[in-house]
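Q: Sharing a structure, written as structure tokens. Questions coming.
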Amino acid sequence: MRRRIKAFIPVIFIFISTVTYTAFAGNLHNNYDPETNNVARTALGPGRTDVGRIHALNRLFHPTHSQSMGECRHCVPFPRTEGSPGYTRSAMNLYDTNDSDDENTTKEHLFHITLRTTQGGFTDDRSPIGQLGGGQMALVIQPRFLPFAVSWFTEYYTNSPEPTHNYEISDLIAWNLLYVTHPFSWERVTVFGGGGCGIVWVPKSEENFEEYETAFMANLEAGVSYRVVWKVGLCAMGKYLYAQKDVNGERFIDFSEFVFMVGLQVDFGLF
């Protein structure tokens with residue numbers, strides 16, 4: 001359990017950073033004045049409504065923004081309505097949202113971040129009840145320009161809060177490379193699949209359940225998610241988990257399991 005908490009300290013940091021960034025960006029958008037092409041004083045502070053400050057903010061929020069203010073097309077006055085002559089997207093436009101039901105998300109972020117938590121399990125004849133229950137916590141990071149994402153996750157599969165047998169997985173930490181796509185024009189639905197590797201921790205015995213054997217693991221996973229409201233959605237996934245290790249000439253760690261999970265996820269844009 002302690003390993004899972006330590007593994008997700010970066011996840012907590014990214015979550016707090018994302019919420020803070022989103023709130024700051026939303027404040028800038030809400031205080032933008034299209035008549036003067038400036039951000040209100042309440043957003044930037046007293047006296048900070050000059051074009052130079054707008055240029056600095058554009059450079060912060062727009063990765064392709066010109067480094068030279070004199071050559072910058074984003075910092076000069078521009079029409080607010082897309083499609084009108086001379087319209088230019090700037091940092092203040094990046095947080096505009098489409099009011100349609102299909103696309104009600106913030107645009108133009110460099111990274112798409114997903115925090116996912118799921119519950120599930122698999123059948124195992126070694127267990128007295130014939131199955132093991134568990135869960136997953138995952139952080140998924142996808143660059144905007146690529147259909148691939150990196151998933152960093154931790155899992156566990158046990159019969160009790162304190163696992164004591166070698167057919168239980170006390171902790172699992174791994175990385176996956178995923179292919180992510182929207183198979184339909186309706187972007188609420190996302191399909192993903194891929195695989196990767198990591199490490200599992202298994203209790204040595206009932207007497208020494210606080211001591212563990214570790215082994216290399218590999219897995220394949222595929223799933224689908226559906227965004228229900230705002231940034232919150234449902235997800236379902238299936239995976240194949242493999243890990244084996246011999247101890248003193250005997251097979252001590254032996255997993256070749258098909259796992260099914262369902263849960264919730266939250267999506268963010270970053271940078």
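Q: Would you call VAL200 in a strand (DSSP E or B) and in contact with a His (Cβ under 9 Å, 6 or more places away or on another chain)?
A: Here the answer is no, as VAL200 does not meet what is asked.
Q: Kindly indicate whether any position in region 216-236 is surrounded by fewer than 19 Cβ atoms within 10 Å (Cβ to Cβ), in a loop (DSSP other than H, G, I, E, B) and under 18 Å from the mean Cα position of the chain (by Cα).
A: yes
Q: Starting from residues that are crowded, with 17+ Cβ neighbours inside 10 Å and out of contact with any helix residue (DSSP H, G or I) (no Cβ under 7 Å at 6 or more places or on another chain), keep the ones in region 110-123 and report whichever is modelled with the lowest pLDDT.
A: If we take residues in region 110-123 being crowded, with 17+ Cβ neighbours inside 10 Å and out of contact with any helix residue (DSSP H, G or I) (no Cβ under 7 Å at 6 or more places or on another chain), then HIS112 is modelled with the lowest pLDDT.
Q: Just checking, how many residues over region 232-250 are modelled with pLDDT under 95 and touching a Lys or Arg at 6+ places or on another chain (Cβ under 9 Å)?
A: Matching residues across region 232-250 total 1.
Q: Taking into account only those residues within region 256-271 that are in contact with a Phe, Trp or Tyr (Cβ under 6 Å, 6 or more places away or on another chain) and of a type in the set (A, V, I, L, M), which is nearest to PHE192 (Cα to Cα)?
A: The extreme case among them is VAL259.
Q: Is region 188-211 home to any residue that is among the aromatic types (Phe, Trp, Tyr) and more than 25 Å from PHE252 (Cα to Cα)?
A: yes
The values are calculated or read from the model by the stated rules, or taken from the named source; none is laboratory data. Only a predicted model underlies this, so the values are computations on that prediction, with no experimental measurement involved. Note: ideal-geometry Cβ built from the backbone for every residue, glycine included; neighbour counts use all protein chains shown.
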